[in-house]
Structure formats: C-alpha cells, structure tokens
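Just so you know, all these numbers are worked out from the coordinates, no wet-lab data involved. Everything numeric here is computed off the predicted structure, so don't read it as measured data. So basically every Cβ, Gly included, is an ideal-geometry build from the backbone, and we count neighbours across all protein chains shown.
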Amino acid sequence: MDDLIGDFAAEARELVEAAAEDLLALDAAADPAVLNRVFRAVHTLKGSVALFDWPAMLAVLHAAEDGLSAARAGRLPAADLVDPSLATLDAAGRWTEAIAATGRLPDGAGAEAERILARYRALLGPDEAGSGPATAGMPQGPVPRWASDLLAESGPHPDGPLTALLYVPRADCFFAGDDPLALVRRLPGLVALRLHPAAPWPPVETLDVFACNLALTLLTTDAPAAVDAVFRLVRDQITTATIVAVPAGPAPDAAGGAAPVRAIDTDAASDTALATAPVPEADPGADTAATADRTLRVDAARVDALVALADDLAAARAALGGVVARAVAGDDLAGLLPALRASDERIGRLSGELHREAVGLRLQPLARIFRRFPRALRDVARHLGKEATLTLAGEATELDRDVAEGLFEPLLHLLRNAVDHGIEPPEARVRAGKPPAGRIVLRAEARAERVVVSVEDDGRGLDPAFIRRRAAERGLMAPEALAALDEAGVIDLIFAPGFSTAAEVGAVSGRGVGMDAVRAAATRLGGSCTVESRPGRGSIVRLTLPRTQTLARLLVVAIGPERYGLPMEAVVELARVPRERIQTLGAGAATVLRGRTVPVLSLAALLDLPREEAPAPAEARLAVLRAGDGLVAVEVDRFAGRLDGLVRPLPGLAALPGLAGTVLTGDGRVLLVLDPETLVEPGEGEGPDGPGLDGQEIDGEERA
C-alpha cells in the first residue's frame, strides 16, 4: 500500500502542476487545446483517486471534470471555471501531501470539499455538480482540545456561539506578504488570543530571523463567515470551530477536566498546516515537512557517464596497485616515479570528472520553480487592481536542487514588489504612454559556473532622490555620509534592514521585511543580489548564484599548529615584508606594497586565537586579499601550500562572520575555510588591481 500511495503522490504532483499552469494560460485566452489538456489531467487524477477510499477528493475532482466537460461542450465559458478549478487543484495538492504523509485525507477535507462543490453547483446546477455532501455519513467529531482549552482559560465571555481559530502561519509568510497579527486585529469581536511558538526555538546562532515561528489560537464573537473572509488568503493555514459554552467559561468537572462543550460545526481548512505546530491536543494531520519530495529524476545518459567514470577510476586504481606491487618487490624507486606520477595525475583527473558528474545529478531545470509564480502574480495583481503579465525566460537553465528551492521565497518577494511598488495602475501607465498592462520578466541565464536569475519590470523605477529623503528621515546614515553617496550607492540603500519605500502598510508588502531579506537569502545560498533602475522605465534585480557545488582551490595558511583555507580567487598576492616596513597607524597598521598603502591585520586577532608571548619574526608573511572594493593584507605564521576540495557550508557556522565552511583534507582532517568578505572590514585600502598567483609556487614558504 505504501508503494501504491508513493506512486500516486508522485503522479498527482505532476498532474496538479501541469493543470495549474494550463489553467493560467486558459485564463489569458480561450484555447481548446489547453482546455483539453486540463480536462485530461483532471480526468487522470480522478481515475487514480478512485482506486482508493478518499470520497471527498473524488467528489471534488468529479465536479471539476463535469465543469470542464461542460466548457468543452460549449455550455459554459472556460474562463468561469478557472478560479474554481484552481481552488480544486490547490486542495488536491494539499491533500496529496497529507496522503503521502499519513495515507489518508486530513480531517478537514470534507468541509473544504463541500465549499468547493458549492462553487461548482452555482455554475452547473445541483444535478450536474452532485447534490449530496462529500462527507455524508462522516461525523465531524467533538470540539478540538485546543479550542476547549482556550475557552477554559479565557474567563468571562459574551453569550452566544463563539468562533475558535487555530492559525499556524507558514514559515515564509513574511515573504508572501502576510502579517499574522494584522489579520487578527481585523476581528472586531476578539475575545481571547494566545501566541506560542509553532516549533521549538533553535539555537540563536542558527535562528532565521525572517522565518515565522508562531502559532495563534483565538476566540471571537465574529461569525464563521466573517472570520473566513478575513483569513481567506491563508485558508490552508487555519482550523476553525464554532462552539457554544456557558458564558462564564467552563468549570472543571469532577475529574479535573474542562466542562463539556457542545460542537455545532468544525472546519479544518487544511490540517496539513498544523504539522509544524507543537499542539498535541489539536490532532494535527500530515507532517508535510517530513514528506518533502527528496527524489531526483536523472537523465539515463548522466547515469551511464557516471558508471563509465567509475569503471575508469577502478582501472586507474588497479594500475596504481601494480606500481605499488613493483615497489614492494624491490624495483628501483627512482624508476617507478614516472609511473607513480602518471597514476596520480590520471586518478586526480578521473576523480574530478567523477565529482562533476555526480554533482550534475543534483541539477534541475528552473522551470519547476518558475512555473509556480504565474498564479501568485495573477492573484497579487487582481488584489491590487493592476494588470501585469509575467514572461518566463531561461527555464531550462539548470541549478543545484537545494539552491533552486531556496530561490522560491526571495523570488516571490521580488515579484510581489514588482507588482506592488513597480508597476503603475493602468490609468497612470496610459498617461505615461505605456500599455495598461505592466510587463515583468523572470529570466535565468548561465554564466560559467554561476547562474544569474533576474526580475525585470517596466514600471516606475526607483527614485534616488526619494530614497535619499526616506533614508534621511529614518536616520540610516549620517547626513554627510548620505550626501556623499552616488546614485548607485543611494539605490543600494533599499537593502538596509527595515527600509521601505511604502507610504503605508498594505496587504501585499511594506511590512519591514523587504530587500534586506532577499539579499540575506541570496547570501545564504552562496550568491549576491544587486539592483539597477531607470526612473520611469523600470527596475531589474539580479541574483547571482553558484550553479552547483564545485571543487574550490584554496590557499592553506597556518597560525601556530592550526591551519585554515583561503579561497584562491580572493588572494591577490603573497608577500614577505620586513617588520620595519609595517607602520602603526592609529589603532591599526599598514604597509606599502607596489606603491599602494594596504592595511595589515593579524589573522590570529581576527579569529580571536590565543597567542603565546614570543618575539615577532623579522619578516611578516602577508596574504593580500580582495575585500569589497579594496585590498587588505592578513598576516599569518606561514603558508602551507595549496588544496583542492569541496567546501561544505555548515548551518552552525552560518551566523559566524569569517567562516565559509569546511573541507576534508587528504589526511582525513577537517580544514576550516575562511570567508574574506566577512572576515575583514571591506573597503579598506585601494582597488584590487595587482598581480595574481598564476605561475607562482606556494610550496612551503617560498617568497612571493
């Protein structure tokens, strides 16, 4: 049964994704071919569901099939079915994840199915869309414990029925423009509110300050319909119950429990949202976080290439074994050196190729991520009363799976910003000589080992003068420093924490979680974020990201017995400078290298390493690094050679400035890899022009 459900879930995800994409195309223009594709997807999904005992899901898909069939026959405009069909697919997607986790539908599926069926009945009539509830004979059950507990704690409350609500916002709700507390404030009849963490708080060094970790339970005198209207955009994250109890609150019974509470109706819009909340009394449904899709679809040719490389590597290892056997037998070692060198080079080349092929298995086209955005952009534009079209380009560009998944939240925020802040209302665009509908382009392109993902719009653009005024009002910089910024520097201020150009908090953006979160997300993924703007013509935001994990070239340096790695791409040159040429300047030190003054910092001091009192050597060994737009010389005890290795970022090190990750050395030890950008203060010294390391030997302590 588990295998059957696994196969069903994999197929259902693909069908839901394909049908949703076609529905958005159908919303733009009626196309019989597109309508037929949607019908076939829903029909296939319904047939798969019919193999199991999931009546609510089957009823909804059957109604959707009836509606699409009516549209194909010309009895109903296809455009009228887009919204209910999208609601059907949303529900089917959530239910699929619950099924994958628990093997059954979530408890609230029946009530949600009935709401969707009502929409189809309004379009098709009761005869065509089914006349009975999807959950006939399925009891709703008692009031959930979380509701009765809150009622017991709330003290006196008004007479009459109360609506209880459990709201567990998604961790990425801020990126989606949701403000949980603002939604709660829109309930005028609020009686009681309790906030608690949705999951145990992680250690502070790994805490993601942009992730929501709240669960909210509340009681209100507002009717269920009014509550549903307030939370209509987050229905998948709430559970509601209508309850009747004595006005003073239930008193403990003889057994010490709460007094009985009579249930009128319960409604769980999607119990999958409760999976992240530590509310054991609420009977949460599917643990969707634990069932994230970790499968990869791999081209057979890539697997064949990997197997062939593994065979070649085994052959090379056998050849090396032959050389070792000759050495053991007493052959002249000097005569064996060429064979040893050739074996080492061959194994090194093959292992590098094997690594590249293996890493390539994790690559996936960005189409899977990109195609999730047209629906979101459509909903945002409708909400704001604007017109916008989204063009996708470079969908076939491949990116590491984890990096691609990590792009969803920042890209969603950028697209919402483009509609909210960038695209003007239709009448304003017409006055400016633009078409009423704004144009947004989401593009990806590969550049060597990096991928650039950009969001471009043809809206109003960024106004440097306005940004400068807003920054002055908020006191982001000293007035003299702000006045000295050029236009590019002023525009870069939009990445300052808490900075917003919004005049007031809106339903979409302007909540203080903005471009700083986008840049922070790009940094966590090993990339960067930049923005360009042309007033009146639009803006473009670029995220430059690593295509995949690659073998990094490192310079190994030592402080006492400890060794560290520096990315070779950040090293401009190595130098050994007489101690008397290093001058004290204020609280720091500097030296002159090739006619330029360069700050000198101690790596031991930067890493806060204990040092024994000992006379300083006559010469200082300096690694000159690029830091921002300048150069910084870092003093080390010695240069310990080069190393090629795979740098693996560690979550526990993410919050520690100066550390980029770790790499495994040939002798099995773990080497800490330093991040020059955060290790030293950028911008000190002059530009990065200078000789590189090409052709220089870094063996032992050779003078650079």
Virtual spin-label span in nm between residue 608 and residue 209, 7 Å along Cα→Cβ: 1.8 nm
Taking all pairs of distinct alpha-carbon atoms in segment 551-679, Kirkwood radius in angstrom: 15.3 Å
Fewest-first sequence of 54, 201 by Cβ atoms within 10 Å of each Cβ: 201, 54
Residues residue 193 and residue 314, FRET efficiency given R0 of 60 Å [Cβ-Cβ distance, rounded to 0.05]: 0.40
Residue 664/residue 592 FRET efficiency (R0 35 Å; Cβ-Cβ; nearest 0.05): 0.35
Relative contact order, percent, segment 300-359 [alpha-carbon distance under 8 Å, six or more residues apart]: 55 percent
Cβ-based exposure ranking for 608, 172, 458, 27, in which fewest neighbours within 10 Å come first: 608, 172, 27, 458
Distance between modelled label sites at residue 585 and residue 463, nm, 7 Å Cα→Cβ extension: 4.1 nm
Loop trypsin sites (Lys or Arg not before Pro), segment 514-561 (other Cβ atoms within 10 Å of the site Cβ: 14 or fewer; DSSP): 537
In segment 542-625, the GluC sites (Glu not before Pro) that fall in loop regions by DSSP, at most 15 other Cβ within 10 Å: 612, 613
Cα gyration tensor shape of segment 365-546, rounded if a/c is under 1.5, else prolate or oblate by comparing a/b with b/c: oblate
Distance-filtered residues of segment 375-418 - backbone nitrogen under 12 Å, label point 7 angstrom along residue 437 Cα→Cβ: 378, 387-391
Cleavage-rule hits, trypsin sites (Lys or Arg not before Pro), segment 600-632, DSSP coil, Cβ neighbours within 10 Å at most 16: 611
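Among 391, 239, rank each residue by its count of other Cβ atoms within 10 Å, from fewest to most, as a rough exposure measure. Intermediate results must be reported in sequence, preceding the final value.
Working: 391 11, 239 30.
With the fewest neighbours first, 391, 239 line up as 391, 239.
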Percentage relative contact order, segment 551-679, counting C-alpha pairs under 8 Å, at least six apart: 30 percent
In nm, spacing of pseudo-spin labels at residue 568 and residue 428 (7 Å Cα→C-beta vector): 5.2 nm
Per-pair calculated FRET efficiency, R0 = 56 Å: residue 299 and residue 329 via Cβ, rounded to 0.05: 0.80
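How would you rank 181-190, 222-231, 329-338, highest first, on the average number of other Cβ atoms within 10 Å across their residues?
222-231, 181-190, 329-338
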